[in-house]
Amino acid sequence: MELSAQQPPPAHNQNRQQDYQQAAYEYSPAAACFIRSVLAKIIMCSNNKGGTGRVSTRSQMQAEFGKRYYMILLGINYMCLFLGSVSSSLLSKFYFNHKGGSRWVSTWVQCAGFPLLLFPICFFKIFTVRKSFTGFTPKIMCLSILIGLLLGVNNLLFSCGNSYLPVSTNSLVLSTQLAFTLVTSMIIVKQKITFPNLNCVMVLTLSSVILALGSSHDKPIGLTKAKYFKGFFSTVGAGLMFALYLPVMEKIYQKVDCYAMVVEMQLVMEIAATALATVGMAANGGFSEMKTESLKVFDLGPKAYWLTVGFNVVTWQLCFMGTAGMVFLTTSLTGGVCMTALMGINVLGGVLVYGDHFGGLKAVSTLLCVWGFCSYIYGIYMNMKEEEKEEEKKTENCREKNVKKMNSDHIMELAEIVTHNA
């Protein structure tokens, strides 16, 4: 099952995290001791794919608390992904619809909000005794920078696609990344192929093919066929790169101690992506273009322009941080499926907000997306039930063995007593 596919982290990481949690509890002021200990457990939650977090096995009660903290953190990250994905997609289209035309500006805002990540990092520092960037090695730092540069290229491809395609078409084309994610997950993290996995990927890929075949009438007014296909293939390229990013990050996260370190890695990657976008902006006169665009080009005025840019910066950080958290807490494939589940919301948003065309083929494509996601969730549910039955069976077998051993020991004691009396 995808939620338990990743190998458990090394034992010394577990001991380190328990030390952090214990220290956070012991050295906190009495009035805030309980709150600090709870927040510390949530922050220091690790990527134990069993869904129970990284907690001590001393008692069943501690295990249940760990599972609760894990689910809280998982819910927070999916909410960030949900809000960030839908809002950033609509705001990016809003920017282009109102005569914003700089693809470098659209690329830059996707990563320029990295200073916002300093707030959770400072928050972690307050509620735990863990020092920031603890556990960072030169290898992890170099990998974070390299992946950040690749994310910068991915952001540029996404901006090109989003500037030419309607939101609904762009979102549905991006769903093809799930098929690529499955392949790359098989190669990089040895993802097991199950029927729900394969069915989900095939159905979502089919939905994208149907969309492509019926999308010739879906071009906005004034968009040439060449630009339309440029946007289409740019979006496919963005999906390919992101499909590579997800399993690579899952592989790296196997060596990560806790969620706080995930945020710190995300900060390094976003800085690298921002550096790349800034160089591109400077080389193409993007910063002067922003000023000109806000004053003379954007048809809603400078105030609306800078509000659009500012909200875009915030929503993109929510989207990327939510994605990173989902991959860390589950798997790359599960993270990809959760992102695909939001495609239907993006399609609905594009239709309701911008009046994108929603014909029969696009409706069929959306239904196939929903079908594929539901089959995947059902497969996870069935696997969870099977694992619960196996655990119950093992527990029952252990009890039977213990009872037999106790009976055997009792019989031996009686036999010794009888022999002694005789």
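How about region 206-218: which of its residues are surrounded by fewer than 22 Cβ atoms within 10 Å (Cβ to Cβ), in contact with a Leu (Cβ under 8 Å, 6 or more places away or on another chain) and either under 17 Å from L240 (Cβ atoms) or modelled with pLDDT of 70 or more (or both)? Across region 206-218, the qualifying residues are L206, I210. In region 232-262, which residues are more than 30 Å from P166 (Cβ to Cβ) and in a helix (DSSP H, G or I)? Within region 232-262, V248, E250, K251, I252, Y253, Y259, A260, M261, V262 qualify.
With region 109-189 as the region, which helices (runs of 4 or more DSSP H) entirely inside it contain at least 3 residues that are surrounded by fewer than 22 Cβ atoms within 10 Å (Cβ to Cβ) and at pLDDT 85 or above?
Qualifying helices (runs of 4 or more DSSP H): 118-127, 138-164, 177-188.
Exactly one residue out of G360, G322, G355 is under 30 Å from M290 (Cα atoms) and over 17 Å from the mean Cα position of the chain (by Cα): that is G355.
Step by step: first the residues of region 273-312, then only those that are within 15 Å of W104 (Cβ to Cβ) and not in a helix (DSSP H, G or I), then the one that is least open to solvent (accessible area, probe 1.4 Å). Which residue is that? Across region 273-312, the extreme among qualifying residues is G285. Regarding T134, is this residue more than 21 Å from M241 (Cα to Cα) and of a type in the set (S, T, N, Q)? For T134, the condition - more than 21 Å from M241 (Cα to Cα) and of a type in the set (S, T, N, Q) - is met.
With respect to being within 27 Å of I252 (Cβ to Cβ) and either outside any helix (DSSP H, G or I) or modelled with pLDDT of 75 or more (or both), G349 falls outside the description.
Is there a residue in region 73-94 that is at pLDDT below 85 and open to solvent by 40 Å² or more (accessible area, probe 1.4 Å)? No, region 73-94 has no match at all.
Scanning region 232-271 for residues that are over 14 Å from L143 (Cβ atoms) and within 14 Å of the chain's Cα centre (by Cα) gives F242, A243, L246, Y259, V263. Candidates in region 52-72 are the residues that are modelled with pLDDT of 75 or more and aromatic (F, W, Y); of these, the one that is surrounded by the most Cβ atoms within 10 Å (Cβ to Cβ) is Y70. Evaluation of G336 against the conditions (1) in contact with a Lys or Arg (Cβ under 9 Å, 6 or more places away or on another chain); (2) open to solvent by less than 10 Å² (accessible area, probe 1.4 Å) shows that the sole unmet condition is (1).
The residue of region 325-337 that is farthest from Q254 (Cα to Cα), among those that are over 8 Å from the mean Cα position of the chain (by Cα) and part of a helix (DSSP H, G or I), is V337. So, G101, is that one small (G, A, S), surrounded by fewer than 22 Cβ atoms within 10 Å (Cβ to Cβ), modelled with pLDDT under 85 and closer than 29 Å to N284 by Cβ or not? Here the answer is yes, as G101 does meet what is asked.
The values are calculated or read from the model by the stated rules, or taken from the named source; none is laboratory data. These numbers come from a predicted model, not from an experiment. Note that we place each Cβ from the backbone using ideal geometry, even for glycine, and neighbour counts take in every protein chain shown. With ligands, DNA and RNA removed, areas are computed over all heavy atoms of the protein, side chains included. Shrake-Rupley method; radii C 1.70, N 1.55, O 1.52, S 1.80 Å.
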